[in-house]
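What follows is one structure encoded as structure tokens, with my remarks underneath.
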């Protein structure tokens, strides 16, 4: 089922949570809504589910407007961050709930329900847990039960609200790969809300980055990561060095640099901000071009597959973060206190109006 | 201090364990436990057949029927209306809600004698409410119905106050989950909310029942106190005392006390059940 | 502006249709609840004052000029003034032992502290009659030494204490248990004495519950009827407390007088409820903000 969100606006009191948001999701896609808390992603999800009603705009499912239709007509599966399992029901009872509350005419026979529960529990690999109660399960198991419960009603779309948010890192990683495989198997149009960029980039077909009630960028994980459309997306997806400066011909002259903009930085008039990812910075022991910055090595963190180096710029005393391969690091033989010259292999510059804003 | 260390399960750096526990036990024994055990010792001066005769004479049996029957009915009434009140107080906003919320505790705080004379005044045949019920053939004051009214009043806060916090703590997401799975509102209430409320509701009803069984002050004014008809057991004990029939009063007291202990046990089991039923077997 | 209101109304109806009830169900339930409370709470409360003031202010104040009433007031205050402090010490001691230490039989102790609440007040009086009455175990010895307990002040005080023993303890125990013992242990390791720890660390944490326990204990002590009725002997102007005096006036067909005295006790109950409400607001902003889902506030914007 395709999903169309058209010019949706939602306010809570005077606070605008969603500001004229439009989004199209193709049938069978897995979309990640990514953004910091308070960006409106959960509200958008709840509007799609029918748990909230938009103040303005329309929701179309499969081309039909459902803005004022009840949840039950929408055939959505919703997975909550804190599972929302029924505590007094066993795993099997939880999973079968959606079938047992169907009107008599549509309700499958007990045998069929039983079979369906078994199939779903097999799908989420919890057959052995059918008679347990939710609080006898681990967090990861509970979320799988919640997913099986949502799938039992054969939803046309699956909405997941930070489903792995309450789990520890290792389990989240496992579960999001598992979710991806599950999606490839079932092909239910799915929307995953998350604030974890790794999760979004790894699991989704397309990533929709949201900020302050608006969509900043929508695209494949590669697009949003490699070609961020806005400074916000650049910052939100991974580490980044931020250079304030102006362009002199085709070379950027950096007059100031920092990793994070201080609030209300005082540059007036239009200026340029350049973003460079740590692994896109190249170091050399000697100056080779004028577009290089002189810096001193402050820290070297050599644990892990890549070496992270913290530099201090000579001109502005700002911190610059660089990521090198082990080989390159060994070539350079860097030590704390060494002087190096930095230049970007790849960069993106945004023109910022007025007093600098992020 | 030293012998007390034997009772401690875990050593603690904090002081005062021996002193505080010692005083608490001493005081409680002196005021409550020793006098109460006196009741049982006094009963033992009766022979078994004397005891049985006293506690099963028709007047006593009639008083049990009224006391326990009216208490049970009162608990049922409070079970239903108390749940409605708790629901309305937690879920809805309406003018005066916080005042209503505060007033629910009135039967806890109001002296029972005051409750007794007031309920009598309202529900007697020329009272504010009684005058409208009389033409319908409903006599409340000075009948067993009066006992029911008084005991319903006394038990009113219990169900409200046990159900209210449970309702407040219910996770709204769980109800939303039921809705997204296609459950109607009524199905959600019945299958998702009620199972969470049952233990608290039963506990509240048991507490109201336990309180009502022993109630004296609010009942004696409104009951009419006719032997075999509208006489509650605590009043029968009082009557026997006034006739210096200490043995008879004691025997009935033991019956009441055993009933109270059983109820306390039941309430504790209910509370244990409600706190542990979701955890592992 | 009006469309905004319209949207808000529409949104609320929307929400109600999901995890709420339709307007008519809602109002039916509210009417049911308020109707029930009116019948059993509001009307009685109003009736106390209406009956007391039926014949005007003069006859309302008449019973308060009666020396017997004044004696009853005095006796009620004496009983409460003795029962409340003693039960306060007990409550704090018991709560300290139970909340700050792990010992064998703790759960049993928590359970039996509630016994006086489960026992019929008539039995609470009866047990003291059996102990100290003329035919009781200690009775003959008391008569010999000319000490009166039953049908005298000591009996009234004892019965009042019995009935109100648990009130302060059961306010404090759950609170202090939930607070744990870390703060006290920290204070103690910093060199505070046990008493200093209690005054500076424990007391500030429990003061509101303690205050409510005291108020409730006091209200119950002043209002106790059944237990005191058994041990008092109803000697007018001598062993009558206020609730007993209400009964005497009522039985003498002095309804206005009975209700006038009753109105005094009702005011005490109302003050108790007000203090309780104020304390709940003060001590538990967490509690009042506790019902997040049902107030018309933003749900969870992300």
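None of the figures in this text is laboratory data; all of them are computed from the coordinates on show. Just so it is clear, the model here is predicted, and its values are computed rather than measured. Cβ placement follows ideal geometry from the backbone for every residue including glycine, while neighbour counts extend to all protein chains displayed.
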**Peptides A:139-148, C:219-228 ordered by average Cβ neighbours within 10 Å, highest first** = C:219-228, A:139-148
**Prompt:** In nm², what is the average projected area of the convex hull enclosing the Cα atoms of region B:25-68?
**Reply:** 4.2 nm²
**Prompt:** Restricting to the protein assembly as shown, what percent of DSSP beta bridges are antiparallel, rounded to 5?
**Reply:** 75 percent
**Prompt:** Averaged across the residues of B:29-39, what count of C-beta atoms belonging to other chains lies within 10 Å of each residue's C-beta?
**Reply:** 6
**Request:** Averaged over every viewing direction, what's the projected area of the C-alpha convex hull for region A:50-127? Give it in nm², one decimal, please.
**Result:** 7.2 nm²
**Item:** Scattering curve values for region B:60-103, log₁₀ I(q)/I(0), Debye with Cα scatterers, q = 0.14, 0.26, 0.31, 0.32 Å⁻¹
**Value:** -0.49, -0.86, -1.00, -1.02
**Item:** Distance between modelled label sites at residue A:312 and residue B:193, nm, 7 Å Cα→Cβ extension
**Value:** 6.3 nm
**Request:** Work out how far the C-alpha atoms of chain C reach from end to end along every principal axis, then list the three figures in whole Å, largest first.
**Result:** 85, 65, 30
**Asked** What list of whole percents do you get for P(r) of region B:185-281, with Cα-Cα distances grouped in 5 Å bins up to the one holding the largest distance?
**Response** 2, 11, 15, 16, 14, 11, 9, 8, 7, 4, 2, 1, 0
**Request:** Compute the whole-percent fraction of alpha carbon pairs in region A:133-182 spaced more than 14 Å apart.
**Result:** 54 percent
**Message:** Can you tell me, using C-alpha contacts under 8 Å and at least 6 residues apart, the relative contact order of chain C as a whole percent?
**Reply:** 27 percent
**Asked** Short version: what are the Cα gyration tensor semi-axes of region B:38-179, square root of 5 times each eigenvalue, largest first, in whole Å?
**Response** 37, 24, 15
**Request:** Find the relative contact order for region A:9-80 and round it to a whole percent, using C-alpha pairs within less than 8 Å whose residues are 6+ positions apart.
**Result:** 26 percent
**Prolate/oblate/rounded call for region A:110-251, Cα gyration tensor, a/c under 1.5 rounded** = prolate
**Fill in**
Rg (one decimal) and Dmax (whole number) from the Cα set of region B:167-208, in Å, equal 11.9, 38
**Asked** Using all Cα-Cα distances in region C:198-260, what percent lands in each 10 angstrom bin from 0 up to the longest?
**Response** 20, 33, 20, 16, 10, 1
**Prompt:** What is the percent of Cα-Cα separations in region A:1-137 that go past 23 Å?
**Reply:** 48 percent
**Isotropic mean projected area of the C-alpha convex hull, chain A (nm²)** = 22.0 nm²
**Prompt:** Which value in Å is the Kirkwood Rh of region B:108-153 over different Cα pairs?
**Reply:** 10.6 Å
**Request:** Using only the alpha-carbon atoms of the protein assembly as shown, report the extent along each of the three principal axes, biggest first, to the nearest angstrom.
**Result:** 116, 71, 61
**Complete:** Put in order of increasing Cβ neighbours within 10 Å, starting from the fewest, A:216, A:294 give A:294, A:216
**Complete:** Using the Kirkwood radius over Cα pairs of region B:151-235, the Stokes-Einstein translational diffusion coefficient at 10 °C and 1.306 mPa s, in µm²/s and rounded to a whole number, is 103 µm²/s
**Prompt:** Quick one: of the DSSP bridges fully inside chain A, what percent are antiparallel, nearest 5?
**Reply:** 75 percent
**Prompt:** Rg and Dmax of chain B, Cα atoms, in Å?
**Reply:** 23.1, 73
**Prompt:** If we sort C:186-194, B:171-179 on the protection proxy, mean other Cβ atoms within 10 Å, highest first, what's the order?
**Reply:** B:171-179, C:186-194
**Request:** Evaluate region B:134-181: find the radius of gyration of its Cα atoms, find its Kirkwood radius, and give the ratio Rg to Rh.
**Result:** 1.37
**Message:** Please rank A:41, B:139, fewest neighbouring Cβ atoms within 10 Å first, as an exposure proxy.
**Reply:** B:139, A:41
**Message:** Over region B:131-274, what is the relative contact order in percent, taking alpha-carbon pairs closer than 8 angstrom and at least six residues apart?
**Reply:** 32 percent
**Prompt:** If you line up the long axis of helix A:169-186 against the longest principal axis of chain A, both from Cα atoms, how many degrees apart are they, to the nearest 10?
**Reply:** 60 degrees
**Request:** Just tell me how shielded C:273-283 is by partners: mean number of partner chain Cβ atoms within 10 Å of each residue's Cβ, no decimals.
**Result:** 2
**Asked** By how many degrees, 0 to 90 and rounded to 10, does the Cα axis of helix A:110-123 deviate from the longest principal axis of chain A?
**Response** 20 degrees
**Request:** Please list B:84-92, C:169-177 highest first by mean number of surrounding beta-carbon atoms within 10 Å per residue.
**Result:** B:84-92, C:169-177
**Complete:** Quick calc of log₁₀ I(q)/I(0), region C:35-171, Debye, one scatterer on every Cα, no solvent, q values 0.18 1/Å, result -1.11
**Prompt:** If one puts a single equal scatterer on every Cα of region C:129-286 and applies the Debye formula without solvent, what log₁₀ I(q)/I(0) results at q = 0.15 Å⁻¹?
**Reply:** -0.91
**Request:** On a 0 to 90° scale, report how tilted helix C:203-223 is relative to the longest principal axis of chain C, with both axes built from alpha carbons and the result rounded to the nearest 10.
**Result:** 50 degrees
**Request:** Kindly provide the pair-distance distribution of region A:168-243 built from C-alpha pairs, with 5 Å bins from 0 and whole-percent values in order of increasing distance.
**Result:** 3, 14, 26, 22, 17, 12, 5, 1, 0, 0
**Message:** Can you give the Rg/Rh ratio of region B:1-84, where Rg is from the C-alpha atoms and Rh is the Kirkwood radius?
**Reply:** 1.25
**Prompt:** By the gyration tensor of its Cα atoms, with a ≥ b ≥ c the square roots of the eigenvalues, what is the shape of region C:162-243: rounded for a/c under 1.5, prolate for a/b over b/c, or oblate?
**Reply:** prolate
**Request:** Using only alpha carbon positions, build the gyration tensor of region C:126-182, then give the equivalent ellipsoid semi-axes as the square roots of 5 times its eigenvalues, largest first, whole angstrom.
**Result:** 37, 10, 9
